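Each remark here refers to the structure printed beneath this line.
Any read-out appearing in this document is the output of simple, stated calculations on the displayed coordinates, not a laboratory observation. Owing to the predicted nature of the structure, the values given are computational and were not obtained by experimental measurement. All Cβ positions, even for glycine, are placed from backbone atoms using ideal geometry, and neighbour counts span all protein chains on display.
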Amino acid sequence: MNFEDLQKSWQDQPINTSTDQLRSSLQSKWEKYQRKVLTRMVLSSILLVVTLAGLGWVYLSFYQQFSWPFKVSIAAMYMIILITIYLYWRSYAFRKENMEDSSTGFLSYQLEKLNLQRKIITTYNKLYLILLWFALVMYIWEVTSAHPPVFRWTVLLITTAYIAGVGLWYGLKKQKKRLLEIDEIITDLKEIRQQLTD
């Protein structure tokens, strides 16, 4: 077989477009997901900053009336909220979002961010609720110290039930849906990365 026949035979082979099709399909899914995540983060950050402002007002208005548990609880809530805002924005993939320019480095970067989002959903959000509950219990215990025990325990029970309810609702309704979405994109990105390295 001469060179021209070999060249013609090579050029006549079908081009494997499965990676390109997967990339194109993933591009639109990824862009939609990124828009959703960004919107969720902006709204959450705005609400958390408003909460920080409210906590600051409460502290400045009443810090002279209450002792250290009040101050520690407000400081703890501040720290929890600031860490939450930081983690949310740290988990967002800002770097180039064009799947056409896919490289293993780009895909690894996206996978790292998705895994961090997954960790926030599965681990940090539970830890957040537990720490928030502790801070609120300390706050309520101090603020209601002059009230009858029945009132104090009723407020604590209502707060506990509310936080437990939010945790259960989030775990049953939101968490599964978001994890499925993240896992689907992780699988697609890993498949493209594998095809690029083969």
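The trypsin sites (Lys or Arg not before Pro) of the range 23-95 that meet both conditions, a loop assignment by DSSP and at most 16 other Cβ atoms within 10 Å of the site Cβ, are 95. Peptides 180-188, 164-172, 74-82 ranked from most to least packed give 74-82, 180-188, 164-172, packing being the mean of other C-beta atoms within 10 angstrom over each peptide's residues. Pull up the cross-link candidates among the lysines for residue 29, meaning alpha carbon to alpha carbon under 23 Å and not fewer than 8 places away within one chain. Of all the lysines, those that pass the test against residue 29 - Cα under 23 Å, at least 8 places apart if same chain - are 96, 113, 119, 173, 174, 176, 177, 190. Computed from phi, the 3J(HN,Hα) profile of the range 118-135 under the Karplus parametrisation 6.51, -1.76, 1.60 (θ = phi - 60°) reads 5, 5, 4, 5, 7, 10, 5, 4, 5, 4, 4, 5, 5, 5, 5, 4, 4, 5 Hz, with x in place of Gly and Pro. The string of couplings for the range 42-50 from the Karplus curve (6.51, -1.76, 1.60, θ = phi - 60°) is 5, 5, 4, 5, 4, 4, 5, 5, 4 Hz, one whole number per residue in order, with x for Gly and Pro.
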